[in-house]
């Protein structure tokens, strides 16, 4: 066993210093307030500022490997410093949902990669993911959006939900049914130009009060056949790889990093009071923080275990769902614990002078349900664990998907 | 709203004093150690001593109304004192499972009542209940034990489980299928003479290490047709009334009385230590006790609510299952909390000088699963709440009960 | 005779209240009001008052009057109904202040404030402490004797519901000897100011209230000291618990209905057993909330021996269960429940605030343990 | 390179151990042993020792030797396998004592005790405290200097596993200055007595060990003071966590298998979604137990910076999760699981005892919070 990441050797201080100055010089000042989770700017001018920032980074040669067409990998220590400093900058350096990158890497054509990767890296192309549907939840096998072949094109009709960045997106990574058969076969992955006629993006205001997700409607939207990713009918495989990555990603978010949840809660409990004394002196508070901190550490270890299994080809269908449930429920409980620590102070939110950290905990609490519902609800994840992981009998389906009415 | 039980007026001191002396004089000294829950003596001589005690009480006129054939009710204050003092005596004053009394009261013939009630009250007849079956769990509609009419008799073949007192019982309150139709119709309630040929009682040693339940096998056991309770095919109704009573009973057990769980836990925490200090000083311990104590009080209020709804004819199919789940899960958690309070001391059990209260908490913890499993497992109870209480769709059954193999 | 249900008159009150609210202040109306500059509608409040919303704890001769001999149980009926629409009005503070004045106020105070509260002409706010907790050490208003036999109040009270509309504030303050007193302070008064908070519960308004040399006459203090504060906390706990019961009830019903309709994987979601069991668990909690809230009202109103335990039990259980139900309702609704347009977040926000107002669950659990310790110390069983 | 799995040699060790146990000390054998006067089988123990059960933490020159460069990870493999059969032997105490002597003992002590532990000829017991807790204030053995430069031990240690068979006891004692020292005491010794308890875990024997003027030579004390005790607690926590992982794993597998077979209402129980989701929850916990235990072994063995946090995390989570899995397994088995003949109660009893041995979950959670407080105080993030 070995989980030691080699420390960054001497000789990289210059790289870090230069980078840091570059970021300081080019980082835009946004009107948009940033919050926890996958959040999206609510103003077009902020999006433009961000595009400029990303382009400046790219032009200066500050490029992350994952958006690179080059097969030669950059210096890994520089890459790590780049990730650290861009993360610490406090503004997004990836615009849109980058999930399509993995799909193009493994299933795209050279031409597709040459077209989209550099534009993505430059902040020129913002992508959105068009997977979830209102009636299918995260059951991708029952997608209803259809793409019908018409000559050299496909005509798309249907609706997607839970799409982040769609309101600013240039391209969409779309899954649609090209064969009218049930289940996984007959699903195809597409590159969709979001500016095509018939694409209607409706931003959704969420319970957080912010607008981070969209509904997207397609009314006879035309896509050139050349924009299929992989082969027609292969969309399930294409998406499977991407989704596994997303679930791992979701599972990994929030853990580690400079914001260890255990330490955050300790600091909050030191600042909060309970029955006239510091809350950190309360045995019940200590036990709850100890429990959440332990589970937060375990989240990291589950990730290390899964990464190891991936390398050894031992991933089971239960692994990604386990990581997703673990992260999203721990995240929710952590925010609930924080609100409880705040006590009545939790009543004052963003914009109020009494609000702790300008209401970050309340926003994080409200947003937490995005993680337990989106990307495959935790109920679906438990089905996957039981049925595909443990081999228990599948739930019977109803008579047929077409017998039920679409609803949202 | 009114939940005040009128206090016992003056003038009853003599009754109580005389009764108390009588109990002291006649209460047997048992070899059997009494434990929490529905527990059964493990020695025949103890059972005989108990029969003598109950007979003495009966002969002295100390009779509880619920086993009386008389329609005139006794003085309610005397009855209450009688319940209190018999309860405080610390030895059982009801031998066997008295559930059949309700069935006979509502569905029995005058002759049946005249035969069985006095003998029950005298401790002469010990009864057992023969409902649950290994493959049916608590799903009474899928009973397999069959009673086939043969002339003036029925011939019974089958098996029962979870029967308390069966090893000492004179009579059994039996449910068996008289019509080979599925479901509730075709079930009949019987009085079974446990000394009949073909009755085979096999005491089961439980995880507690004690023997409180039995399996009972029937191999062509003959029952006179006159021993049907109610009419043939009416067993479902007969049992329904009894079971509702049992569930209420189970739901009521453990709450209130001289052993308030909250106070018990406070005393235990005062005696236990945590990190070198009294455990009661620990905030986490206090919060847990507060939680359990609140839920213990709510158990009483749920009972009061249910009693009121019963009087008003407003009982729903969810009420008894709610009470049963609430009690059994709270009881389990309370014992778990007690073991946690004991810490390593919980390792020493009955018979060891280090054991707290001679291991009562550990025994209660192990026994607690009897309440969550028997009398309708909590999973079945949740089905009942969802399907009959909330009107959600029933679970689909498998192809047919006969397609599956009996197993235990 | 044990009767744990509501009487006929109370059921009539419930029906009338529900009808009125459906017509004038439905959940949809509440939702509309949250975008308005103020959630309070003085006209509707007076109409509600005419239906008895603030009358139960006020004597008949002061313009009040209860439906039955158990005014607090009557109020529970109202609180449940108002909870069902997430009513934005100052129901809890008005009744807490009315109850406190009726019990600990002078004749003059009663004559002055109660008729106006009963008619709905005036509303009241309750300034409990500086951090919203009922802990005595949390009081941040100091009362210093002024020359004329009156008092001068300085300090701050926070998380005060509906302070901006109130004509009268009940203010908990510490005097220089450390004794606690509740004062009735008319609003506006010189030196008194209220700032409305950006709040988590968007259906109500809470304020930070500042006292800068506010003078009150001696005649404006309530008797009872800490007992009066404890009584107010108990009243607030009971009323808020009942409100939470009503809110949880309507949300639970809506969730069950939704899951009976909504189809996924070709089946109604409510046919999935894992969902069914979770709904069963929610009903269990809802029934427990109800039992706890009802008993607390009965015990506090009738001054039963275990009133303090009963109130602590409601405080320990009810609002936490309400929040749990909201969380499950949201999860079971899935994506639609996550949107601003869906009502589930309004319930969630209400629940999160009820959890921490007037003592959170932990505070009431601690209180219950203290009561148990007292009982153990004096050897009180519940035998007999 | 992150590699959080076991190496090939470790997998071979696992397979060999599993084969040996299946043949000689299966779960059925454990069950048989519980009715015997003593659960300990000296012959089998020596055979196990020959397979390396006590060798990993002992240097090669003392008759030991590990499979890999990570002896503690090797031991975790063994602990998991022994856990699967609820092995009754003194695996944890022997390795704790061997590890302590190897790290904090003198050459003479190592030469004296380690070869016999490695060969299985001798076993060891660990006398931690008077109440079984690792809290320093719980130590109830006092060490007073005797005239000859040795020590005299008086007092009691409780909940000591396998004391009756042990040839050597590692005894934690306080000297008159309040300093803590671990002594190696040969057994039998004059003044030393052990009483076997009637225990909740019927698959192991625990004892109350009394010291009445037991004399030990100075040469029999370990160095390290409290550090040595802390190291022992950490070792015990890691090994017991791994044992719990193995036990939980086999019980979980058995439960899934049973529910795939068992038919009720004409369907296999495992086809009911509520059951499926509960099994999914159990797998979640089992995987988390595994991740926590493995990382703790790695971090403690390799002396990583976060070793203390890693051990506290395992202690905070693993045994409580094991007990939860046992409870669910019992419930899901239904009536059959409630019988003495079914194995589920043996797992339950093991879990309940593991929960409270060597510091319960609450103790380790508290420890973790203390470590977090230290990190906050010195501003240590996990950045970089």
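The values are calculated or read from the model by the stated rules, or taken from the named source; none is laboratory data. These numbers were taken from a predicted model, which means no experiment stands behind them. Every residue, glycine as well, gets a Cβ built from its backbone with ideal geometry; the counts of neighbours run over all protein chains shown.
Restricting attention to segment C:137-159 and to residues that are touching a helix residue (DSSP H, G or I) at 6+ places or on another chain (Cβ under 8 Å) and at pLDDT 95 or above, the residue that is farthest from residue A:353 (Cα to Cα) turns out to be C:151.
Among the residues of segment A:100-114, not a single one is in a loop (DSSP other than H, G, I, E, B) and at positive phi. The numbered conditions (1) within 19 Å of the chain's Cα centre (by Cα); (2) over 12 Å from residue C:239 (Cβ atoms); (3) touching a residue at least 24 places away in the same chain (Cβ under 8 Å) are all true for residue C:66 except (3).
Is at least one residue of segment B:399-407 closer than 30 Å to residue B:210 by Cβ, at the interface with chain D (Cβ under 8 Å from one of its Cβ atoms), in contact with a strand residue (DSSP E or B) (Cβ under 9 Å, 6 or more places away or on another chain) and at pLDDT below 95? The answer is yes; a qualifying residue exists. Scanning segment C:62-101 for residues that are within 13 Å of another protein chain (Cβ to nearest Cβ) and part of a helix (DSSP H, G or I) yields C:71, C:72, C:73, C:74, C:75, C:76, C:77. Where strands (runs of 3 or more DSSP E) fall wholly inside segment A:144-227, the ranges with 3 or more residues that are more than 30 Å from residue C:329 (Cβ to Cβ) and touching a strand residue (DSSP E or B) at 6+ places or on another chain (Cβ under 9 Å) are A:146-150, A:153-164, A:171-177, A:187-193, A:213-224.
When segment B:371-387 is limited to residues that are assigned to a helix (DSSP H, G or I) and within 16 Å of the chain's Cα centre (by Cα), the one that is nearest to residue D:274 (Cα to Cα) turns out to be B:378. Scanning segment D:319-342 turns up at least one residue that is modelled with pLDDT of 95 or more, touching a helix residue (DSSP H, G or I) at 6+ places or on another chain (Cβ under 7 Å) and assigned to a loop (DSSP other than H, G, I, E, B). The set of residues in segment C:230-251 that are farther than 30 Å from residue C:100 by Cα and crowded, with 23+ Cβ neighbours inside 10 Å contains only C:251. Taken over segment D:351-384, the criterion of being surrounded by 18 or more Cβ atoms within 10 Å (Cβ to Cβ), more than 22 Å from residue D:130 (Cα to Cα), within 24 Å of the chain's Cα centre (by Cα) and without any contact (Cβ under 8 Å) to a residue 40 or more places away in the chain is satisfied by D:369 alone. Looking only at residues of segment C:14-41 that are in a helix (DSSP H, G or I) and within 19 Å of the chain's Cα centre (by Cα), we find that the one that is farthest from residue C:85 (Cα to Cα) is C:14. The set of residues from segment C:183-201 being in contact with a strand residue (DSSP E or B) (Cβ under 9 Å, 6 or more places away or on another chain), more than 14 Å from chain A (Cβ to nearest Cβ) and assigned to a loop (DSSP other than H, G, I, E, B) comprises C:187, C:189, C:190, C:191. Looking only at residues of segment C:335-350 that are in contact (Cβ under 8 Å) with a residue 40 or more places away in the chain and surrounded by 24 or more Cβ atoms within 10 Å (Cβ to Cβ), we find that the one that is farthest from residue A:212 (Cα to Cα) is C:350. Candidates in segment C:267-316 are the residues that are without any contact (Cβ under 8 Å) to a residue 12 or more places away in the chain and not in a helix (DSSP H, G or I); of these, the one that is surrounded by the most Cβ atoms within 10 Å (Cβ to Cβ) is C:272. Does residue B:325 satisfy the condition of being surrounded by 22 or more Cβ atoms within 10 Å (Cβ to Cβ), modelled with pLDDT of 95 or more and under 27 Å from the mean Cα position of the chain (by Cα)? The answer is yes for residue B:325. Of all residues in segment D:166-184, those satisfying the criterion of being in contact (Cβ under 8 Å) with a residue 40 or more places away in the chain and over 16 Å from residue D:231 (Cβ atoms) are D:166, D:167, D:168, D:169, D:179. Of the numbered criteria (1) more than 14 Å from chain B (Cβ to nearest Cβ); (2) over 27 Å from residue C:346 (Cβ atoms); (3) modelled with pLDDT under 95, the one residue C:59 fails is (3).
The sole residue among C:122, C:157 that is closer than 27 Å to residue C:354 by Cβ, in contact with a strand residue (DSSP E or B) (Cβ under 7 Å, 6 or more places away or on another chain) and away from chain A (no Cβ under 14 Å) is C:122.
Restricted to segment A:125-142, and to residues there that are out of contact with any helix residue (DSSP H, G or I) (no Cβ under 7 Å at 6 or more places or on another chain) and modelled with pLDDT of 85 or more, the residue that is farthest from residue A:180 (Cα to Cα) is A:129. A residue that is at pLDDT 95 or above, in a helix (DSSP H, G or I) and within 26 Å of residue C:340 (Cα to Cα) occurs nowhere in segment C:202-221. So in segment C:144-158, with the set limited to residues that are within 27 Å of the chain's Cα centre (by Cα) and farther than 24 Å from residue C:114 by Cα, which one is surrounded by the fewest Cβ atoms within 10 Å (Cβ to Cβ)? Restricting to residues being within 27 Å of the chain's Cα centre (by Cα) and farther than 24 Å from residue C:114 by Cα, the top hit is C:154. When residue C:21 is tested against (1) out of contact with any helix residue (DSSP H, G or I) (no Cβ under 8 Å at 6 or more places or on another chain); (2) surrounded by 19 or more Cβ atoms within 10 Å (Cβ to Cβ); (3) farther than 29 Å from residue C:104 by Cα, exactly one condition is not met: (1).
Listed here are the helices (runs of 4 or more DSSP H) enclosed by segment A:256-344 that have at least 3 residues being more than 12 Å from chain C (Cβ to nearest Cβ) and closer than 21 Å to residue D:363 by Cα: A:261-271, A:283-311.
Checked against (1) under 30 Å from residue B:212 (Cα atoms); (2) in a loop (DSSP other than H, G, I, E, B), residue D:355 meets all criteria but (2). Filtered by the rule that a residue be part of a helix (DSSP H, G or I) and either in contact with a strand residue (DSSP E or B) (Cβ under 9 Å, 6 or more places away or on another chain) or surrounded by fewer than 17 Cβ atoms within 10 Å (Cβ to Cβ) (or both), segment A:83-99 gives A:83, A:87, A:88. The residue list A:391, A:343, A:351 contains one member that is over 24 Å from the mean Cα position of the chain (by Cα), under 30 Å from residue C:158 (Cβ atoms) and surrounded by fewer than 17 Cβ atoms within 10 Å (Cβ to Cβ), which is A:351.
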